[in-house]
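For reference, the structure is listed below as structure tokens.
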Amino acid sequence: MQSQVSEIDPVTVEIQVEVPWDRVQKNLDETFTKLQRTARIKGFRPGKAPRNVLQRLFSKDVQAEVVSNLVEESVVQAVQQHSIPVVSQAMMDARPELTLGQPLTFKVKFEVRPKVENLETTLELTRTPATVSDAEIEQEIERLRQQHAIVRPIEGERAAQKGDVLIIDYAVTIDGEPKPDMKGENRTVNLGEGRLLDEIDAGLVGAKVGEKKTIEIARGDDDANKELAGKKVVFEVDVKELRERVLPDVDDEFAKDVGEYETLADLRTKLRARLEESAKARSESQLREQAVEKLAEKNPIPVPPSLVDQQLRAMLQEYMQIMQMLGQQPDFGKDGFDEMRKRAETKVRAALLLGELSRKAEISVAADEIEAKMRELAEKTGKHIAKVKADYAGEKREQLETQILEDKLIKHLLDRATITDAAPTSSESAASAAAT
């Protein structure tokens, strides 16, 4: 077999293959021999049909099978012979035709890993401060207050205000047409939490029990919900109950109620420690992401389109799952889709560059490192090590190995990067000053 490789562009090569006739003939003979043993032909005993009869009846099928096998074998052989770093399936314009007595010739294209002549790994990074302001502590305390609030009926004739809880029935019409499937009964709504449409939230402030409210909303032509775009939506709301949320006082008793804290000061101290730990983890995660982005930025290598498409599909699937869990309709428009494709391209470029770094720096993952990671997972999850090993068999073990390798490669980049700590914001500076 003869093969010749030519570069079409930095990420695409074409292989021209010629399989000599004697090899084609040998494959034809072997295939007809196998067929002769199994073919059932009227007038002949099993295995006794002559070759010329088989050729007359099955020539096209046999030739198609031989061509398919030879193409597959030859392509694999050519890729190995020329050490081609393929990243895609073979692409052929048409299946080659077999001509008796002539070599089998064909061309096949592959997307390949781009060459990286000079891998630039000198990175300048900025680390986000892992500080927590007093305001963030108070926000967390307020969240705990909301969680432990008591909801009780309102006495008297007080009208609804932000923070109240309403029980309502409502009906909907769109451009005057009733929509029975959109109506609701005994729905609980919380005013001022940002979960309702702004117009509905504002329209229910001041409502009283037994009152009926008509709230009109004019939807824009660019509304994400195509059914409502450019139309007038009317909500007829019947206020059935009105309740108020009574928040607990922020004192030592509150601290004891929300967790294992002795005093309010103890609660604040432990909240700060927990939030600082989260802020540190978030800062380190952002630094890792920044290192990968900067690596891709400093090495603008071309990327194989098929890998970008594959990454984009994975990102779209993840996005759709998130939207489904949130109960929302996916809508990112053309600009959003283009932005997602750009991110997919960056991810692919970064992955290719990390692979190149692994080869150049000779960074790999040893078996004992995988074992150590599994033991770490066992300790975190409380599972027996044998159970963790069973869970991480086959493909999941390969994924774990890939993650360990990525961690090592990013650490390699961070160890050699120039990292500048970003200046804290004014609120963070104030919190730091207060702490000292």
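The values are calculated or read from the model by the stated rules, or taken from the named source; none is laboratory data. Every value quoted in this text rests on a predicted model; they were computed, and no experiment measured them. Note that each Cβ is placed from the backbone with ideal geometry, even for glycine, and that neighbours are counted across all protein chains shown. Surface accessibility is based on the protein's heavy atoms, side chains included, excluding ligands, DNA and RNA. Shrake-Rupley method; radii C 1.70, N 1.55, O 1.52, S 1.80 Å.
Hey, if we sort Glu211, Glu216, Glu65, Glu157 by accessible area with the 1.4 Å probe, largest down, what's the order? Walk me through the numbers before you get to the answer.
Details: Glu211 65, Glu216 115, Glu65 95, Glu157 145 Å².
Result, largest first: Glu157, Glu216, Glu65, Glu211.
For the range 234-306, the share of accessible area belonging to carbon and sulfur comes to 46 percent (1.4 Å probe, ligands and nucleic acids excluded).
Relative to the longest principal axis of the Cα atoms of the chain, the long axis of helix 367-381 lies at roughly 30 degrees. In terms of its alpha-carbon gyration tensor, the range 46-194 comes out oblate; a/c meets the 1.5 threshold, while b/c is at least as large as a/b. With a Förster radius of 51 Å, plug the Cβ-Cβ distance of Glu73 and Val172 into 1/(1 + (r/R0)^6) and report the FRET value to the nearest 0.05. Once rounded, the FRET efficiency stands at 0.20. Helical content of the chain, expressed as a calculated mean residue ellipticity at 222 nm, amounts to -17000 deg cm²/dmol (DSSP H runs of 4 or more residues, -39,500 (n - 2.57) each, divided by residue number, nearest 500).
Relative to the longest principal axis of the Cα atoms of the chain, the long axis of helix 134-147 makes an angle of roughly 80 degrees. Name the GluC sites (Glu not before Pro) in the range 280-365 that are in a loop by DSSP and that have at most 12 other C-beta atoms within 10 Å, would you? Counting only loop positions with at most 12 other Cβ atoms within 10 Å, the GluC sites (Glu not before Pro) in the range 280-365 are Glu362. In terms of packing, defined here as the mean over residues of other Cβ atoms within 10 angstrom, the peptides 173-183, 233-243 line up highest first as 233-243, 173-183.
Annotation: per residue accessible area for the chain equals 63 Å², rounded to a whole number [probe 1.4 Å, protein chains only].
Cα extents for the chain along the principal axes, largest to smallest and rounded to whole angstrom: 104, 63, 46.
How high is the relative contact order of the range 107-244? Use alpha-carbon pairs under 8 Å, at least six apart in sequence, and give a whole percent. Working shown, then result.
Working: 197 pairs, mean separation 37.1, N = 138.
Rounded, it is 27 percent for the range 107-244.
Amide H contacts under 5 Å for Thr126: Thr420, restricted to partners 5 or more places along the chain or on a different chain, H placed in the peptide plane at 1.01 Å from N.
Taking the charge dipole of the chain about its Cα centre, with +1 at Lys and Arg Cβ atoms and -1 at Asp and Glu Cβ atoms, the residue from Gly101, Val209, Val75 reaching farthest to the positive side is Gly101.
Counted over the range 274-403 with a bin width of 10 Å, the fraction of Cα pairs per bin, in whole percents, is 10, 25, 35, 26, 4.
To the nearest 20 debye, what is the magnitude of the charge dipole of the chain about its Cα centre, counting +1 on the Cβ of each Lys and Arg and -1 on the Cβ of each Asp and Glu? Show your work: numbers first, answer last.
On the way: 66 positive and 81 negative charges, 579 e Å.
Its charge dipole is roughly 2780 debye.
Sorted by accessible area with a 1.4 angstrom probe, largest first, how do Thr418, Thr12 fall? Walk me through the numbers before you get to the answer.
Values: Thr418 80, Thr12 20 Å².
So the residues, ranked largest to smallest area, are Thr418, Thr12.
Note on the chain: dipole from Cβ charges, positive end direction compared against Gln36, Thr121, Gly355; the farthest Cα belongs to Gln36. Across the range 231-322, the convex hull enclosing all Cα atoms gives 265 Å³ per residue. Between amide H atoms placed 1.01 Å from N, distances below 5 Å from Glu241 occur with Ile167, all of them 5 or more places distant or on a separate chain.
Structural descriptor for the chain: relative contact order 18 percent, calculated from alpha carbon pairs under 8 angstrom and at least 6 residues apart. When +1 charges are put on Lys and Arg Cβ atoms and -1 charges on Asp and Glu Cβ atoms, the dipole computed for the range 139-294 relative to its Cα centre reaches about 180 debye.
Ordering Ser364, Val13, Thr381 by Cα displacement along the dipole of the chain toward the positive end leaves Val13 in first place; charges were set at the Cβ atoms of Lys, Arg (+1) and Asp, Glu (-1). If I compute solvent accessible area with a 1.4 Å probe over the protein chains, what percent of it on the range 13-61 is carbon and sulfur? Answer for the range 13-61 is 48 percent, counting heavy atoms of protein chains only. Taking the Cα centre of the range 6-108 as origin and assigning +1 to Lys and Arg Cβ atoms and -1 to Asp and Glu Cβ atoms, the resulting dipole is close to 1140 debye. The C-alpha atoms of the chain define a longest principal axis, and helix 51-81 lies at about 60 degrees to it. Between Glu14 and Glu97, the C-beta separation translates, for a Förster distance of 22 Å, into a calculated FRET efficiency of about 0.70.
Taking 0.36 nm per intervening residue step and subtracting the Cα-Cα distance, what contour gain separates Glu157 from Asp415 on full extension? Before the final figure, lay out the partial values.
Details: separation 258, 0.36 × 258 = 92.88 nm, distance 6.64 nm.
So the chain would gain 86.2 nm between Glu157 and Asp415.
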